[in-house]
1. Being of a type in the set (D, E, K, R) and surrounded by 20 or more Cβ atoms within 10 Å (Cβ to Cβ) is the filter; apply it to the range 114-126 and report the residue that is farthest from residue 31 (Cα to Cα).
2. (1) open to solvent by less than 20 Å² (accessible area, probe 1.4 Å); (2) free of Cβ contacts under 8 Å to residues at least 24 places away in the same chain; (3) farther than 22 Å from residue 103 by Cα: which one isn't true of residue 60, the others all being true?
3. Need a quick list: helices (runs of 4 or more DSSP H) entirely within the range 1-95 having at least 2 residues that are modelled with pLDDT under 90, over 20 Å from residue 119 (Cα atoms) and out of contact with any strand residue (DSSP E or B) (no Cβ under 7 Å at 6 or more places or on another chain).
4. Filter the range 51-70 for residues that are of a type in the set (A, V, I, L, M, F, W, C), in contact with a Lys or Arg (Cβ under 9 Å, 6 or more places away or on another chain) and over 14 Å from residue 26 (Cα atoms) and give the result.
5. Identify the residue in the range 127-140 that is assigned to a loop (DSSP other than H, G, I, E, B) and in contact with a helix residue (DSSP H, G or I) (Cβ under 7 Å, 6 or more places away or on another chain) and, among all such residues, is surrounded by the most Cβ atoms within 10 Å (Cβ to Cβ).
6. Tell me which of these residue 111 doesn't satisfy, since it passes every other one: (1) open to solvent by 50 Å² or more (accessible area, probe 1.4 Å); (2) among the charged types (D, E, K, R); (3) over 13 Å from residue 159 (Cβ atoms).
7. Residue pairs, Cβ under 7 Å, 6 or more apart or interchain, first in the range 141-170 and of a type in the set (Asp, Glu), second open to solvent by 60 Å² or more (accessible area, probe 1.4 Å) and modelled with pLDDT under 95. List them.
Amino acid sequence: MDAEGQESFREFVAGRSLALLKTAVLLSGGDKHAAEDLLQNALAKVAGRWHRIHEPEAYVRQVLYRQQIGQWRLKGGRREVSVAEPPDTGALGDGAAAAELRLVMRAALARLTARQRAVLVLRYFEDLPEAEVARVLDCPIGTVRSTSHRALARLRALAPELASLGPAETERRPSHDYSPVKVRP
């Protein structure tokens, strides 16, 4: 990589690594150390191709998603995180409820498969349409829909307390049908 490319890459990393790290944390199920490793490996892969990349952030995100799914495939399984009973919420102060919900969400996400996490992150954190998620993950749209459905159902089963997160009581149907339906608890 020439000097101009190195400077461009450094600027990109300095400007976008926090946002990319947030995505990596979600993909790794809340494990910040694994997320840092995931992002570092993705950036190392991107650095070698930097002069050929036209949309660097999209490219890095795609490398993150595919690398996370690839790691899961190599491990041959998934990690399960055991947690004790949640603490008594009556004794918690301001902001503690939000922190507790984040912990519950992280624990629930950690119990999903890498593909399920990737689909949920792309659909609901990155707010990408199903067709774009399918393109990024290199799978059919039907796989995105079924994986999203199963992952949301699993999240609801793993952490029923997440139902109290927000006022939204409707969920969109697939992109071709926008009529709202009631979400079942």
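1. Restricting to residues being of a type in the set (D, E, K, R) and surrounded by 20 or more Cβ atoms within 10 Å (Cβ to Cβ), the top hit is 123.
2. Condition (2) is where residue 60 drops out.
3. Because the criterion is at least 2 residues that are modelled with pLDDT under 90, over 20 Å from residue 119 (Cα atoms) and out of contact with any strand residue (DSSP E or B) (no Cβ under 7 Å at 6 or more places or on another chain), the helices (runs of 4 or more DSSP H) in the range 1-95 that meet it are 3-27, 32-47.
4. 60, 63
5. Per the stated criteria, the residue is 128.
6. So the condition that residue 111 fails would be (3).
7. Listed pairs, sorted by first residue: 169/182.
The values are calculated or read from the model by the stated rules, or taken from the named source; none is laboratory data. Just so you know, these numbers come straight off a predicted model, no measurement behind them. Note that each Cβ is placed from the backbone with ideal geometry, even for glycine, and that neighbours are counted across all protein chains shown. The protein model used for the area step is the full one, side chains on, heavy atoms only, and it has no ligands, DNA or RNA in it. Shrake-Rupley method; radii C 1.70, N 1.55, O 1.52, S 1.80 Å.
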